[in-house]
Amino acid sequence: MKAIDLEKLLPYVSKPSRYLGREVNAVRKDPSAVRTTVALAFPDTYEIGMSHLGLQILYRTLNDRPDTAAERVFAPWLDMEAQLRKRGWPLHSLESGRPLHAFDLVGFSLQYELSYTNLLNMLDLGGIPLHSDERGERDPLVLAGGPGAFNPEPLADFLDAVLLGDGEEAVHEIVETHQAWKGSGSSRAALLRALARIPGVYVPSLVRVDDHPDGRIRALAGLNGRPARIKKRVVLDLDRSPYPKAPVIPYMQIVHDRSVIEVARGCPWWCRFCQAGVLYAPLRERSPEKILELAERAIRNTGHEEISLASLSTGDYGGFSSLVGRVMARYGHERISVSLPSLRVNTVTPEVMEAIRTVRKTGFTIAPEAATPRLRAVISKGLDEGEVEETVWHIFAEGWDTVKLYFMVGLPTETQEDVEGIARMARRVQEIGRKAGGRGKQVNVGVSTFVPKPHTPFQWIGQIPLEEVRARQGFLRRALRRPGLFYKGHDPEVSFLEAVFSRGDRRLGPAIEQAWREGARFDGWSECFDLARWLRAFESAGLDPSYYAHRTIPREEVLPWDHLDSGVTKRFLLKELDKALSLEESLDCRDGACIQCGAAKRWVGCDPRTGVLGNPEGNPPRQPSGREGATAPTKPIAPPAVHPAVVRIRCAYTKLGPLRFLSHLELKTVLLRALSRAAVPVAYTAGFNPHPKVAFGPALPVGVEGAAEQMDVECWKSPGPPEDLVARLNRTLPEGVQFFEARFLPLHAPSLSQVLRRHHYTVTLPDDLAGGVSGLGEAVAALLARPSIPVRRLTEKGEQAIELRPFLVSLEVRESDPCTLAVTLQDYEGRSARVAEVLQALLNRSPEEVLACRIRRELSDEGAEHMDNSRIPALHLTGSG
């Protein structure tokens with residue numbers, strides 16, 4: 001599809017993203033049957049947004065309300081945006097296709113500062129006025145949440161309200177406040193005042209900012225009797241908080257394509273550069289029983305092959321090693337692996353590595369952040385170099401071939417010695433890999449630039465100049481230029497812009513709007529980022545971006561986010577800054593005296609002796625230190641048994657409607673996960689990386705329907721009666737992909753590739769193409785009479801000449817419909833041709849124009865004698881939607 005012009009494809013698709021809203025577990029309600037409609041808007045691409053756990057949590061939380069319909073909308077990529085604007089189509093939701101402006105509430109997730117222009121673009125495409133003060137009673141309420149909510153000041157002109165902290169409980173109060181207002185006939189201003197009374201909700205228009213002449217903030221004051229300071233929301237008991245038991249399963253591959261179970265929220269460590277540790281404080285843990293319950297439901301409802309135990313520091317979960325062992329003991333025999341995305345070095349024990357490698361090896365990332373003991377003391381990393389080396393040794397010795405190291409440059413007080421330490425540590429890790437596991441080991445070194453973040457001890461310290469960042473990254477690029485070491489540095493210009501918005505104020509609003517009007521989109525993507533455009537926007541707004549990114553802020557100065565309470569006191573942050581400059585680390589608050597962050601005084605249940613949020617009902621907190629559990633020995637877990645296949649099942653299914661736009665790889669993933677959800681006992685290959693013994697018929701091109709596609713499944717025991725198997729599979733599949741037959745075959749029966757060599761297609765031409773050929777029957781006869789039918793096929797390597805004559809068996813016009821063709825193609829010398837190529841030759845049209853034809857593969861010739869044709873569903877060609 002990469003070679004196809006989107007502009008020529010869209011006229012034949014009624015809704016550009018229609019098939020995405022039909023994913024398994026998607027919730028589709030009638031908007032007219034509910035009191036409140038909510039658009040959950042993610043200002044980035046679908047594959048990024050669908051990987052975000054918070055979106056899935058809020059989607060399920062809101063849709064569990066009978067009176068509310070929550071739908072999803074994502075930022076369209078550049079080519080889609082161009083088509084939406086050209087055709088006058090508004091940005092719409094996936095589930096119902098409603099325009100964004102037709103919703104009651106539009107909630108944006110602010111995960112990254114460089115998505116700000118996408119937020120403006122989505123508002124504009126959705127038909128919503130950009131500025132909050134331009135919206136009337138009929139316009140949606142525009143809200144935002146996420147990490148970016150803790151300094152939303154650059155977006156203050158565009159947002160009606162902002163939610164600070166956890167949203168699982170607050171979203172109900174927001175919906176109910178809106179419902180009460182909706183029936184009252186009150187003004188929009190009254191709605192904003194009512195929202196401001198909800199704990200954790202910040203309404204920018206109700207806080208006045210007074211500036212000094214030079215732009216520094218003099219004071220922040222609440223209006224209309226509202227307090228200026230807003231305290232974040234915290235969900236106290238994760239076991240009782242809502243969690244998606246059946247997450248939406250995307251058809252396409254997303255960034256984190258697995259079942260994610262949040263084991264804890266918050267972090268026991270206080271790395272001084274880390275904003276997440278502050279924003280998600282205090283530390284709260286789910287019970288092992290709840291984690292196992294959520295994992296079971298997620299696996300059964302998704303069919304995922306991997307479970308991710310997620311948190312800011314999963315290895316510090318109380319009883320971590322025991323939890324990993326229990327998860328692997330439960331799912332390892334099903335070949336479901338576990339990934340641990342965030343582990344501190346001292347929690348990666350041989351026992352843990354042995355458990356997670358039982359099924360398949362997932363990657364290991366070690367984040368020293370700084371490479372010298374002095375700089376690690378500055379950032380309070382609490383990491384010993386010996387621990388790094390010991391852990392790396394075990395990783396390579398256990399059979400892993402690749403380790404990723406993550407560092408930052410530009411950290412406060414960093415020197416050239418600290419930068420050189422990064423190269424030394426990377427080379428040392430590579431040497432350990434060779435000694436522990438032999439040659440062929442790879443070390444990937446990722447280096448980003450320090451960005452000062454609000455609500456951290458380093459919020460007062462500026463980012464180093466761009467020229468210095470480039471110099472340090474250039475040094476590392478040269479120092480790490482050797483076989484087996486791979487360096488990747490983050491674009492320093494992107495980090496610079498991130499720092500501008502991270503410490504920005506309301507004066508940045510006009511610059512963001514100007515950059516958007518000049519074409520700024522997806523600024524976090526290298527192919528879209530343009531610093532020169534942003535510098536022009538800053539100049540037009542009369543602003544110097546270095547003022548925000550590079551300036552060291554005096555401690556007594558009022559900060560743009562001082563009225564937004566993260567729960568950690570400013571006094572604590574200043575104390576931590578002093579400790580950083582004195583090379584004094586802060587301990588894990590569960591191991592010693594309370595570090596006086598302020599959380600113990602603000603939330604019921606935070607035990608200052610352990611740093612763990614206990615049960616609000618007064619039950620004692622669980623095991624206070626994850627390290628105790630991390631080193632506990634686990635019972636060895638046997639690798640999954642390799643059961644020999646005892647039966648083969650040949651299944652027939654459809655691929656119709658909007659799901660014809662699934663690629664073959666996406667369709668395979670849909671079907672394999674359906675087999676898992678239906679508990680089909682699929683046999684696996686033996687060896688280091690086992691695969692399910694499932695074989696598919698010839699791939700359908702994207703956009704081509706299939707009326708009777710086939711797949712073979714080998715099972716290690718009987719899956720039950722064929723009719724029951726078909727029913728179980730169909731209960732787990734979306735509309736358009738449905739099974740209609742399953743039958744047993746001997747294991748030694750010919751494979752699909754041996755029997756499916758001739759394929760029948762039906763092609764319906766649109767009126768403009770059918771009418772453009774004078775005498776379609778004559779054109780068919782002329783083509784068949786030609787001894788040679790050459791066409792050009794566009795591949796990744798360029799154009800390739802294809803001779804269609806050996807592949808074309810028959811071509812005729814249907815007597816019952818002069819706009820419908822019947823085409824039969826055969827495989828020849830191990831190769832195949834495409835119906836679209838036959839149409840190009842017949843109609844003398846381009847590949848893009850041929851997309852207007854509705855193509856359906858009816859059946860494969862050699863499979864017809866085995867297939868019960870009476871069970872093929874009655875299919876009727878409809879419109880092109």
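The values are calculated or read from the model by the stated rules, or taken from the named source; none is laboratory data. These figures come from a predicted structure and were not determined experimentally. Quick reminder, even Gly has a Cβ in these numbers, built from the backbone with ideal geometry, and neighbours come from all protein chains shown. SASA here: full protein model, heavy atoms, side chains in, ligands and nucleic acids out. Shrake-Rupley method; radii C 1.70, N 1.55, O 1.52, S 1.80 Å.
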Notebook entry, point to check: So which of Lys245/Lys404; Lys404/Lys435; Lys232/Lys575; Lys441/Lys797 end up more than 24 Å apart, counting from Cα to Cα?
Noted result: Lys245/Lys404; Lys441/Lys797
Item checked: Nitroxide proxy distance, nm - points 7 Å out along Cα→Cβ at Ser287 and Asp491 -> 4.8 nm
Next item on the list: Determine the calculated [θ] at 222 nm for the chain from helices alone, applying -39500 (n - 2.57) to every DSSP H run no shorter than 4 residues and normalising by the residue count; nearest 500 deg cm²/dmol.
Entry: -8500 deg cm²/dmol
Checklist line | Cα gyration tensor category, rounded, prolate or oblate, for the stretch 309-415 with a/c compared to 1.5 | finding: prolate
Checklist line | Selection from Val106, Val142, Ser93 lying farthest towards where the dipole of the stretch 87-152 points positive, charges on Cβ | finding: Ser93
Check: In square angstrom, what is the accessible area per residue of the stretch 302-365 with a 1.4 angstrom probe?
Finding: 27 Å²
Notebook entry, point to check: Once the Cβ-Cβ distance between Arg477 and Val809 is put in as r, and R0 is 41 Å, what FRET efficiency do you end up with, to the nearest 0.05?
Noted result: 0.10
Notebook entry, point to check: When only DSSP loop residues count, what GluC sites (Glu not before Pro) in the stretch 163-235 have their Cβ near at most 13 other Cβ atoms within 10 Å?
Noted result: none
Item checked: Thr685/Arg138 FRET efficiency (R0 56 Å; Cβ-Cβ; nearest 0.05) -> 0.40
Checklist line | Two-site FRET efficiency, Arg85 against Glu518, from Cβ-Cβ distance with R₀ of 22 Å, rounded to 0.05 | finding: 0.90
Next item on the list: With a probe of 1.4 Å, find how much accessible area the stretch 381-436 has per residue, and write the answer as a whole number in Å².
Entry: 39 Å²
Note to self: Under 8 Å for C-alpha pairs, at least 6 residues apart: give me the relative contact order for the stretch 434-515, rounded to a whole percent.
What the structure shows: 41 percent
Check: Separation between the Ala33 and Ser788 pseudo-spin-labels, each 7 Å from Cα along Cα→Cβ, expressed in nm?
Finding: 6.2 nm
Checklist line | Simple label model, 7 Å out from Cα along Cβ direction - Asp237 to Ala695, nm | finding: 5.5 nm
Notebook entry, point to check: Once both axes come from the Cα atoms, what is the angle between helix 570-581 and the longest principal axis of the chain, in degrees from 0 to 90, rounded to 10?
Noted result: 90 degrees
Next item on the list: Please report, in debye to the nearest 20, how large the charge dipole of the stretch 104-196 is about its Cα centre when each Lys and Arg carries +1 at its beta carbon and each Asp and Glu carries -1 there.
Entry: 260 debye
Item checked: For the stretch 676-821, with +1 on Lys and Arg beta carbons and -1 on Asp and Glu, the positive-most of Val682, Gly703, Gly777 along the dipole -> Val682
Check: To the nearest 20 debye, what charge dipole does the stretch 771-812 have about its Cα centre, counting +1 at the Cβ of each Lys and Arg and -1 at the Cβ of each Asp and Glu?
Finding: 140 debye
Notebook entry, point to check: Shape of the stretch 91-194 from its Cα gyration tensor (a ≥ b ≥ c, root eigenvalues): rounded if a/c is under 1.5, otherwise prolate when a/b > b/c, or oblate?
Noted result: rounded
Notebook entry, point to check: Quick one: net charge of Val73's neighbours, Cβ under 12 Å, K/R +1, D/E -1?
Noted result: -1
Check: Relative to a virtual label point 7 Å from the Cα of Lys245 in the Cα→beta-carbon direction, which members of the stretch 26-61 show backbone nitrogen distances below 15 Å?
Finding: 60-61
Item checked: Whether the stretch 181-243 is rounded, prolate or oblate, judged on the alpha carbon gyration tensor where a/c under 1.5 counts as rounded -> oblate
Checklist line | Burial ranking of peptide ranges 532-542, 105-115 (average Cβ count within 10 Å, highest at the top) | finding: 105-115, 532-542
Notebook entry, point to check: What net charge is computed for the residues neighbouring Asp166, neighbours being all others with C-beta under 9 Å from the C-beta of Asp166, Lys and Arg scored +1, Asp and Glu -1?
Noted result: +1
Note to self: Given a 1.4 angstrom probe, I'd like the percentage of the accessible area of the chain that is carbon and sulfur, rounded to a whole number.
What the structure shows: 52 percent
Notebook entry, point to check: Using alpha-carbon positions, what is the distance between the centroids of the stretch 306-367 and the stretch 698-714, in Å?
Noted result: 37 Å
Notebook entry, point to check: Using the per-residue mean of other Cβ atoms lying within 10 Å as a proxy for protection, in what order, highest first, do the peptides 502-509, 343-350, 227-234 fall?
Noted result: 502-509, 343-350, 227-234
Check: Where does helix 776-785 land angle-wise versus the long Cα axis of the chain, in degrees 0 to 90, nearest 10?
Finding: 80 degrees
Next item on the list: Run the numbers on the chain and let me know its relative contact order in percent, using alpha-carbon pairs under 8 Å that are six or more apart.
Entry: 12 percent
Next item on the list: Could you please report the charge total around Arg197, scoring K, R as +1 and D, E as -1 over all other residues with beta-carbon less than 10 angstrom from its beta-carbon?
Entry: +1
Item checked: Highest to lowest packing among 461-473, 545-557, scored as the average C-beta count within 10 Å -> 461-473, 545-557
Next item on the list: Just flag the GluC sites (Glu not before Pro) in the stretch 732-808 sitting in loop per DSSP whose Cβ has no more than 13 other Cβ atoms within 10 Å.
Entry: Glu735, Glu796
Next item on the list: Taking the Cα centre of the chain as origin, work out the dipole magnitude from +1 charges on Lys and Arg Cβ and -1 charges on Asp and Glu Cβ, in debye rounded to 20.
Entry: 1120 debye
Note to self: Tell me the angle of helix 53-63 to the major Cα principal axis of the chain, expressed in degrees between 0 and 90 and rounded to the nearest ten.
What the structure shows: 80 degrees
